[in-house]
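Note sheet for the following structure.
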Amino acid sequence: MSDTGAARRPPTIDDVLRLRAAEPLSSSEGGAAEGVSHDGVSRDGAAPPRIVEIARLAGVSPITVSRALRHPEKVAEAKRRKILEIVERTGYATNPHARALRSGQSNIVAAFVSNLQSQQFCLAVQGCGEVLEPQGYQLMIGQTSYSYAKETTMIQSLREMRPAAVMFTGVIEIEENRRALRALGIPIMETWAYPRDPIDMLVGFSNIDSGRLAAEHFAERGYRRVGFIGRRSGRGALRLTGFREGARAAGLDIVAELSVDGVSSMVDGRRALADLLSRNAAVEAVFCANDLLATGALLEARRLGMRLPDDIAILGFGHNDVAEELPPGLTTIGIDSRGLGRRAGSMILQRMRGETLSEPTCAVELTLTRRGSS
């Protein structure tokens, strides 16, 4: 087995898709919220109104309400008193998160993880917590499961919860969600990609470069008939773009591509490799653009009695403990996930302290660790 090697070049910009909402976003503007009468008083047993309802009743914008609660010195006294009166009258302040918002002392940082079964995402959140928790902040973790609908619901919930900051193990593609996050007026951290236009802050890497690196590795190892397994959208699509570009430059023949809609466990990788081999058994090497897919594919190859890397080579994405322990060892491309999380946490902390970042975008290094699978 060889030591870790690195891709040492400026990161390529990821041309992340920008999408319209997957489904209409709910909004209570223009009428009373469910459970709230037209005079703004919360009915018994009903949820308290959203901040947009407070804004409507006060005749101001939601951002003015936000300022009145977080930075009262920035709002005229008469307007501030009116907003606070409505907050008390409607029961908005009975929400513990709203009380934190009103005092400007929320200590919650929301971290939205694409998949909790991925060690890489968990390490990143852990690294972020290692920076923030000693400073009195607490991470609250949610899972989006690579679902636009879940992501949208979670982002909508932030309007009531109003954490001190938000971190995503990914970048936000839906334009309405991007606008909603900007409107919160709190630090927003995106990761795991390298777009040209992050919402606020970014600690990421080029997914296109990771695909190119995979193709270069296969070429160096002498493989010519190669395949790809990855998610159909998001980072998977970007890695496929880079893999195609790298394969074309190296003279490789991509004989099989398999795109999946979602990845929840290693079982998805088992099924994907079996499906890909049924389509083209002559494939010599496969790039699995997800750590769960790669681990499952390695297990499936072993179940089929295939010798790695003689019968088939497998390259994964995501350095993790399982990759090193599974015989013959899984070759992987990845990053220092905990280091990414710690860097993200440091930048979030600076912003929450009111400091200006000299550079709100940070690129981390991609590395390739060769083991027995290739």
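Taking the condition under 18 Å from Gln120 (Cα atoms), in contact with a Leu (Cβ under 6 Å, 6 or more places away or on another chain) and open to solvent by 20 Å² or more (accessible area, probe 1.4 Å), does Arg343 pass?
no
Filter the range 123-148 for residues that are open to solvent by less than 40 Å² (accessible area, probe 1.4 Å) and closer than 17 Å to Ser233 by Cα; which is modelled with the lowest pLDDT?
Going through the qualifying residues, I end up with Ser147.
Of everything in the range 254-285, what is acidic (Asp, Glu), surrounded by 15 or more Cβ atoms within 10 Å (Cβ to Cβ) and over 20 Å from Gln117 (Cβ atoms)? Give them in sequence order.
Within the range 254-285, Glu257, Glu284 qualify.
Which numbered condition trips up Glu190, out of (1) open to solvent by less than 10 Å² (accessible area, probe 1.4 Å); (2) part of a helix (DSSP H, G or I); (3) of a type outside the set (S, T, N, Q)?
Every condition holds for Glu190 apart from (2).
With the checklist (1) in a helix (DSSP H, G or I); (2) surrounded by 24 or more Cβ atoms within 10 Å (Cβ to Cβ) in hand, flag the one item Arg159 doesn't pass.
Condition (2) is where Arg159 drops out.
Just to confirm my filter: which helices (runs of 4 or more DSSP H) fall fully inside the range 42-106 and include at least 2 residues that are at pLDDT 85 or above?
Result: 51-58, 62-70, 77-90.
Is it the case that Gly185 is open to solvent by less than 10 Å² (accessible area, probe 1.4 Å) and of a type outside the set (D, E, K, R)? Talk me through it step by step, then tell me what you get.
Numbers: open to solvent by less than 10 Å² (accessible area, probe 1.4 Å): no; of a type outside the set (D, E, K, R): yes.
No.
Against the condition touching a His at 6+ places or on another chain (Cβ under 6 Å) and not β-branched (Val, Ile, Thr), how does Gly329 come out, does it pass?
So Gly329 does not fit the description; no.
Could you check, for the range 206-225, whether at least one of its residues is free of Cβ contacts under 8 Å to residues at least 40 places away in the same chain, open to solvent by less than 10 Å² (accessible area, probe 1.4 Å) and either hydrophobic (A, V, I, L, M, F, W, C) or not in a helix (DSSP H, G or I) (or both)?
Checking the range 206-225: not a single residue is free of Cβ contacts under 8 Å to residues at least 40 places away in the same chain, open to solvent by less than 10 Å² (accessible area, probe 1.4 Å) and either hydrophobic (A, V, I, L, M, F, W, C) or not in a helix (DSSP H, G or I) (or both).
Residue by residue through the range 154-211, note down the ones that are among the charged types (D, E, K, R) and in contact with a Lys or Arg (Cβ under 9 Å, 6 or more places away or on another chain).
The answer is Arg159, Glu160, Arg162, Glu173, Glu175, Glu176, Arg178, Asp197, Asp200, Asp209.
Looking at this structure, is Leu238 in a helix (DSSP H, G or I), under 26 Å from Glu365 (Cα atoms) and of a type outside the set (Val, Ile, Thr)?
Against the criterion (in a helix (DSSP H, G or I), under 26 Å from Glu365 (Cα atoms) and of a type outside the set (Val, Ile, Thr)), Leu238 qualifies.
Could we say that Ala180 is assigned to a helix (DSSP H, G or I), within 16 Å of Glu151 (Cβ to Cβ), open to solvent by 10 Å² or more (accessible area, probe 1.4 Å) and of a type in the set (Gly, Ala, Ser) here? If you could, list the steps in order and put the result at the bottom.
On the way: assigned to a helix (DSSP H, G or I): yes; within 16 Å of Glu151 (Cβ to Cβ): yes; open to solvent by 10 Å² or more (accessible area, probe 1.4 Å): yes; of a type in the set (Gly, Ala, Ser): yes.
In short, yes.
Could you check the range 267-374 for helices (runs of 4 or more DSSP H) lying wholly inside it with 2 or more residues that are closer than 30 Å to Arg70 by Cα?
337-352
Residues Leu116, Leu139: which one is free of Cβ contacts under 8 Å to residues at least 40 places away in the same chain, within 30 Å of Thr295 (Cβ to Cβ), among the aliphatic types (A, V, I, L, M) and in a strand (DSSP E or B)? Even if it seems obvious, please write down each step before you answer.
Numbers: Leu116 fails: in a strand (DSSP E or B).
Within the list Leu116, Leu139, the selection yields Leu139.
Tell me yes or no: at least one residue of the range 363-373 is surrounded by fewer than 20 Cβ atoms within 10 Å (Cβ to Cβ), charged (D, E, K, R) and over 30 Å from Ala164 (Cα atoms).
yes
For the range 346-355, check the following and say yes or no: at least one residue is open to solvent by less than 30 Å² (accessible area, probe 1.4 Å), over 17 Å from the mean Cα position of the chain (by Cα) and at pLDDT 95 or above.
Yes, there is a match, as at least one residue in the range 346-355 is open to solvent by less than 30 Å² (accessible area, probe 1.4 Å), over 17 Å from the mean Cα position of the chain (by Cα) and at pLDDT 95 or above.
Looking at the range 325-340, which of its residues are open to solvent by less than 30 Å² (accessible area, probe 1.4 Å) and hydrophobic (A, V, I, L, M, F, W, C)?
Matches in the range 325-340: Leu330, Ile333, Ile335, Leu340.
The values are calculated or read from the model by the stated rules, or taken from the named source; none is laboratory data. Predicted model, so just to flag it, every value in this text is computed and none were measured. Glycine gets a Cβ as well: all are built from the backbone with ideal geometry, and neighbour counts include every protein chain shown. Just so you know, the surface numbers come from the protein's heavy atoms only, side chains and all, with ligands and any DNA or RNA stripped out. Shrake-Rupley method; radii C 1.70, N 1.55, O 1.52, S 1.80 Å.
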